[in-house]
Amino acid sequence: MKPTLRKPISLAPLLIGLVSVLALTGCGASGSGAPTRNIKQVTDGVEAQSGSIYVRDLLLVAQPDGSAALVATFVNEATTADALTGITVGGIPANLSAAPFNLVQNTPVIFSGDSANAVGIVPGLKVAAGTRVDVVVTFAHASSVTLNAIVRAKSDYFANVGGKPVGGTPTPTATTATTATTATK
């Protein structure tokens, strides 16, 4: 009888396959540091933060007369009230419906849209849709922020943007801001 020699079993293909499966399923890219969890801008509007005040989805909509309408949401998360005192676009001050806007904790000031409680028009901006312009937002207490916002055409989703607020809650008042500040003392 001849002795039979067995071929050694190679584990290399099995290990390569296992490593490939783990790499392709992304097991190493999960958790709070995963690249897909760090995506922030999902709209055309730009975002910024000054202390506890958040600027969300800020953009401009070109109007037929050469002006531009502001689209944005401002939210103060602090218990101490602040105020939105001014907005300048490309060096031109925006005409705001009730400046200063008191920013009371978790009471948004919304420019344009179905829930709008504020209006901001930049007269004579004369900037074409698709252009980016610098927008400076100033607050009573928080530091000012400068954003580079896009100008959109007054069409499609933005066809009705401009003019007076539609529905929504009334603009926060000085009385509300005073009450909120007094309650935190």
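Overview of results
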quantity	calculated
Gyration tensor (alpha-carbon) shape descriptor, region 31-152, a/c threshold 1.5	oblate
Per-residue ³J(HN,Hα) for region 57-65, Karplus 6.51 cos²θ - 1.76 cosθ + 1.60, θ = phi - 60°, Hz, x for Gly and Pro	6, 7, 8, 10, 10, 5, 9, x, 8
Point-to-point label distance, SER10-HIS141, nm (Cα→Cβ direction, 7 Å offset)	7.1
Simple spin-label estimate for THR79 and ALA128 in nanometres, 7 Å along Cα-Cβ	5.2
Theoretical FRET efficiency, 1/(1+(r/R0)^6), r = Cβ-Cβ of ALA98 and TYR54, R0 35 Å, to 0.05	0.95
Separation in nanometres of the label points that stand 7 Å from Cα toward Cβ, at ASN160 and THR43	1.6
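Readers should treat all values here as calculations from the given coordinates under stated rules, not as data from a laboratory. This one's a predicted model, so the numbers in the text were calculated from it and none came from an experiment. Note that each Cβ is placed from the backbone with ideal geometry, even for glycine, and that neighbours are counted across all protein chains shown.
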